[in-house]
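Read through the structure below, which is laid out as structure tokens, and then see the notes.
Bear in mind these aren't lab numbers, they're just calculated from the coordinates by the rules spelled out. All values reported here derive from a predicted model rather than from experimental measurement. Here Cβ is always computed from backbone atoms with ideal geometry, including for glycine, and neighbour counts include all displayed protein chains.
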Amino acid sequence: MLEGERDKLLRMEEVLHNRVVGQEEAIKVVSDAVRRSRAGLSDPNRPAGSFLFLGPTGVGKTELCKSLAEFLSTASPA
């Protein structure tokens, strides 16, 4: 893992918390799963993560997905 990616993954929760309010546990679980996958601590033949978000309208399910996708798709700082 490159140092830039490592630093990016270490601040993942902070970045997600800036956009998603009140979902601390979900952000922690998702962040931990992504870090495990990117660090090579998971089976390379399996998906990096498969998440099912449940809850009433307006609690942040879609925003967490959008924020995670944006975070993972943006280039790491050089």
| message | Could you go through region 37-47 and let me know if any residue there is of a type outside the set (V, I, T), in a helix (DSSP H, G or I) and surrounded by 12 or more Cβ atoms within 10 Å (Cβ to Cβ). | response | yes
| request: Could you check how many residues of region 12-36 are part of a helix (DSSP H, G or I), over 8 Å from the mean Cα position of the chain (by Cα) and of a type in the set (S, T, N, Q)? | output: 1
| Total residues in region 48-78, condition free of Cβ contacts under 8 Å to residues at least 12 places away in the same chain, not in a helix (DSSP H, G or I) and not small (G, A, S) | 5
| field | Those residues of region 27-59 which are touching a Lys or Arg at 6+ places or on another chain (Cβ under 7 Å) and small (G, A, S), in sequence order | value | S42, G55
